[in-house]
Amino acid sequence: MVNGNSKANVLMMKKLLLFTLIMFVFGYALVPFYEKFCEVTGINNLLKPDVLVKDDNWVDEERWIAVEFDANTRGLPWQFKPLQRSARIHPGEPVTVMYEIANNSEREVIGQAIPSYSPRFLDKHLKKFECFCFTKQVLKPNETRQMPVQFVIEPGLPADINTVTISYTFFELPDGASTIKK
């Protein structure tokens with residue numbers, strides 16, 4: 001009887017190891033699948049800097065767009081602001097804007113920013129390749145941090161749009177939460 005249990009245990013261990021290996025491979029396969037899914041659907045409008053076209057013809061130097069930057073918090077003991085309130089850019093021109101965030105409390109706080117745009121369809125023409133909104137932010141008591149947002153507004157933005165607003169609102173994440181569900 002001991003021999004039967006031993007064989008069953010070895011078989012179960014092999015099955016569990018195989019299952020663990022399959023789940024490990026599946027976990028790694030999800031990353032490129034998720035990136036491709038985001039690229040196809042436009043979720044997060046994530047681009048890598050090396051994907052940006054460096055061709056001068058891509059930048060529409062005949063046109064200017066005023067970009068206004070806004071920052072808000074909801075229920076957080078944080079001060080959050082863009083270091084510049086606006087910029088004048090050409091469509092297709094890569095832009096970097098810095099935001100500053102400060103935790104004014106005596107406790108560690110976890111937050112995540114949710115972007116919003118005006119006009120509402122701007123997200124179809126706005127491509128971000130670096131943004132603090134992609135991940136949760138953990139600020140220690142009284143910590144201040146500067147964070148970049150790198151983006152480009154595609155030349156395909158309708159010609160009658162001359163001013164756009166990019167706004168971020170930080171929300172506190174409960175302890176243990178990985179991200180805000182959108």
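Numbers below:
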quantity: Residues with amide H under 5 Å from that of GLU130, placed H, sequence gap 5 or more; calculated: GLN150
quantity: HN-Hα J in Hz across the stretch 82-93 - Karplus 6.51, -1.76, 1.60, θ = phi - 60°, x for Gly and Pro; calculated: x, 6, 9, 7, 7, 8, 10, 10, 8, x, x, 8
quantity: Order of VAL109, VAL152 - criterion: other Cβ atoms within 10 Å of each residue's Cβ, fewest first; calculated: VAL109, VAL152
quantity: Net +/- balance of residues flanking GLU100 in space, Cβ distance below 12 Å, scoring K and R +1, D and E -1; calculated: +1
quantity: Under the Karplus curve 6.51 cos²θ - 1.76 cosθ + 1.60, θ = phi - 60°, whole-Hz ³J(HN,Hα) for the stretch 9-16, x wherever Gly or Pro sits; calculated: 5, 5, 4, 5, 4, 4, 4, 5
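Computed from the coordinates by the stated procedures, all read-outs in this text should not be read as laboratory data. What you see is a predicted model, and the numbers here were worked out from it, not measured in a lab. All Cβ positions, glycine included, derive from the backbone under ideal geometry; neighbour counts span all protein chains shown.
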